[in-house]
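The values are calculated or read from the model by the stated rules, or taken from the named source; none is laboratory data. Please read these numbers as outputs of a predicted model, since none were measured by experiment. Positions of Cβ are generated from backbone atoms using ideal geometry, with glycine treated the same way; all protein chains shown enter the neighbour counts.
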């Protein structure tokens, strides 16, 4: 029997099962194995808002998609090449987007009459028998029975043994794609360190899945996806939320400031709170507040006291924090507000992704209340974006909104671990003494006397003798910070606060334009998490002989100084966004360029194929 | 980064500070005759007693007439937004345990818009001293009823009389398990100062309700507690360890009600002895309900019980984690987990 190994360049696998089936764990492990093997990967966990929707139903389906390749990939893939469906609901929920010819691996033991009805199939109908899967390569595997059989020697209740079937499936897929297994075995032993019999059972199920692949002929000899070339360096896989938490810690460390997080749990931002809570030994204090308002209030109080105040939330929470952000604008103190965007309005789609908080971040406050806004563009970029947010907050004494989203938060990718000395030095430069003289010539402290370069005011923390001062939300007199209702002073202060935010652009690097041939007449301009799909689509357009330029915005306020000039260089500018055109509207208002908006609000990242079609359509009409 | 305080409390200065040292150069802008003036004078007079340098004291306020308070003290201060002062002060006190942090708030600020933050500050027992100026009216918005206004209050927003039942701030604070709860009067400087002294000495959150007269929109709200002819009849001055007697020459008593609470008793009844330090919050709660039982209004310290402070626990946990794990290394954090190395191509410089 000769088993031929097939070489492929890239593969997309979608693991789908019930919320309690452990699909996210399987996905995480497969990701780790793939990155350790050397592939490039991009992942997309896709789970319901309910913790445990009724078992076996469509709302309870939880999925994890991974693309891994022998070249650089920037998205989790438009459609799966392989669907692993642990039950009928998982099959039914994911069949829609599945291209014909895909491999479908199902656990036949779950395709009982009762489960089929729960998944919404008419009584007596099974997709395994009615021909509806014709065109797919269906691998009907008795995953449950095989797992229970493999664990017979363990003295486990049947239910516990059955739960090992996710590891069996992982073992099978690991064999199919020749993944290294050592890290997963080590992971299971550590995860179940306190229950060695469960560790051994999970390893046994994992191994049984691998052996099943090797002995059955159903999968041929499996597939090989070679490792992807990468820049030299040390790498790890990282999710956006973890990278963001690490960025905050690293930046606080660079600034020599204790980090204080005031936060209230909210999907999909809570993992940042969880991660920071585990890092107390860095001088991190995490405060789980009674509500979103108290979260940011405590963070602002800590900033007043000389800490780096941070609050983390999602769209509904940002709405609640608006008034305090306005206070921070008035106090001119460093504060970082992280908004991990999700589908809205209102509670919306808590576990799905969207970019629809841009205008809220920019303008969702009373009065002229300018706040620098940045957005991360990939899971790994959440690290750098967090460092940049801290740099701006501390340097310019201002609240900063950092936008991430559900896709970045939970998605993961290989990330080159930076050296600490590559990170910017951030200088809090606390005020320590008088900075002015009063009318009779005695030295005094003016809390709103500004740095001529940055327009930042001094940061004088309680405990510093001689600098006692009062700040507040009432309009302040220029320099002295005393309450002032003077008309001209208010006009001056409003314009100065705006000018301070505009000054940030002076310190930004020029925009990077990706236009290999230099002959493109179409520019695709994105911001935030659309970076991956846009990059992939542009690559495809170019591979097909087209020319397109690409640029991506990290800074949404202020815009980079060269943005207007860049936009003017192209005959057409396409702006894809997961909202109804928020950035496009801002650009049209600001620059004499009729940008074209491409929008989608389906709770999912753009599909590369759709973007490619849209770009080619614009390019064809130049 | 370390969790050692940025600064430690400075030595007492050579020349003892006076009230004048705590007075800022700002013109005080309350209505003439406002009770806030008396409270400000009492606080300025008391602060030197703390033995702290003024740079180590912070006053945080919300919004309302009383919340202008920080502008008039030459300490660090923040006039924040409506209802949020306890939350902001919590962040400050937790991150800077070396500071003496005071919150100034009013009945609308603390009990309406900021009710949530108040009860959670009390529950956590953060080291804050909260001065709640209760004038039973909204002053800065010109005279609407407040959450402590009596039912039936005729105001601009309730021309037919208010319908909702008021909060009793002391009962509320005790319900939130506050360790220190006291009440005093704006016009009784000596009593006010003694309560401030007890609050300052308490470790953890101290709530001091100060009955404060708004002479513009609710004048005389506490008059019967203040007027020489009526105050003895209507005020019970609490003293730990003393029998609870009031009335002219102390002829009246407070006794246990068979229902479990307290009520006014006869002159020859044995008065209940006030115990502010008992861990059981029930006696203090019963005391807070005394006016509703037809008895006098107690002033003084209802409850003063030590329990672990939140800020202390945060600092202790931080020390414990650091002792167990050592100070964090950013390089180790970033390079933790499963990592792999892509070598530089042969002949090129390693990165």
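What the table shows:
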item: Subset tally (residues that are modelled with pLDDT of 95 or more and away from chain A (no Cβ under 11 Å)) for segment B:29-62; result: 19
item: Qualifying residue in segment B:64-77 (condition: within 15 Å of the chain's Cα centre (by Cα) and surrounded by fewer than 23 Cβ atoms within 10 Å (Cβ to Cβ)); result: no
item: Residue in segment B:97-120 that is over 20 Å from residue B:214 (Cα atoms) and more than 14 Å from chain A (Cβ to nearest Cβ) present; result: no
item: Selection status of residue A:511, more than 14 Å from chain B (Cβ to nearest Cβ), farther than 28 Å from residue A:257 by Cα and surrounded by 21 or more Cβ atoms within 10 Å (Cβ to Cβ); result: no
item: Qualifying helices (runs of 4 or more DSSP H) (wholly inside segment B:242-351; at least 1 residues being within 21 Å of the chain's Cα centre (by Cα) and more than 14 Å from chain A (Cβ to nearest Cβ)); result: B:282-288
item: Yes/no for residue A:368 being surrounded by fewer than 24 Cβ atoms within 10 Å (Cβ to Cβ), within 14 Å of chain B (Cβ to nearest Cβ), in a loop (DSSP other than H, G, I, E, B) and at pLDDT 95 or above; result: no
item: Boolean, residue A:261 is within 14 Å of chain B (Cβ to nearest Cβ) and part of a strand (DSSP E or B); result: yes
item: For residue A:322: the one exception among (1) in contact (Cβ under 8 Å) with a residue 60 or more places away in the chain; (2) more than 21 Å from residue A:254 (Cβ to Cβ); (3) within 14 Å of chain B (Cβ to nearest Cβ); result: (1)
item: Selected residue (criterion: farthest from residue A:343 (Cα to Cα)) from residues of segment A:276-308 that are in a strand (DSSP E or B) and at the interface with another protein chain (Cβ under 7 Å from one of its Cβ atoms); result: A:285
item: Number of positions in segment A:147-191 that are surrounded by 22 or more Cβ atoms within 10 Å (Cβ to Cβ), closer than 21 Å to residue A:221 by Cα and within 14 Å of another protein chain (Cβ to nearest Cβ); result: 1
item: Enumeration of residues in segment A:168-178 that are within 17 Å of residue A:38 (Cβ to Cβ) and touching a strand residue (DSSP E or B) at 6+ places or on another chain (Cβ under 9 Å); result: A:177, A:178
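Conditions tested, residue by residue: (1) surrounded by fewer than 24 Cβ atoms within 10 Å (Cβ to Cβ); (2) outside the structural domain of residue A:490 (by TED's automatic domain parsing); (3) under 22 Å from the mean Cα position of the chain (by Cα); (4) closer than 30 Å to residue A:430 by Cβ.
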{"site": "A:296", "(1), (2), (3), (4)": "no, yes, yes, yes"}
{"site": "A:309", "(1), (2), (3), (4)": "no, yes, yes, yes"}
{"site": "A:321", "(1), (2), (3), (4)": "no, yes, yes, yes"}
{"site": "A:327", "(1), (2), (3), (4)": "no, yes, no, yes"}
{"site": "A:331", "(1), (2), (3), (4)": "no, yes, no, yes"}
{"site": "A:341", "(1), (2), (3), (4)": "no, yes, yes, no"}
{"site": "A:344", "(1), (2), (3), (4)": "yes, yes, yes, no"}
{"site": "A:349", "(1), (2), (3), (4)": "yes, yes, yes, no"}
{"site": "A:362", "(1), (2), (3), (4)": "yes, yes, yes, yes"}
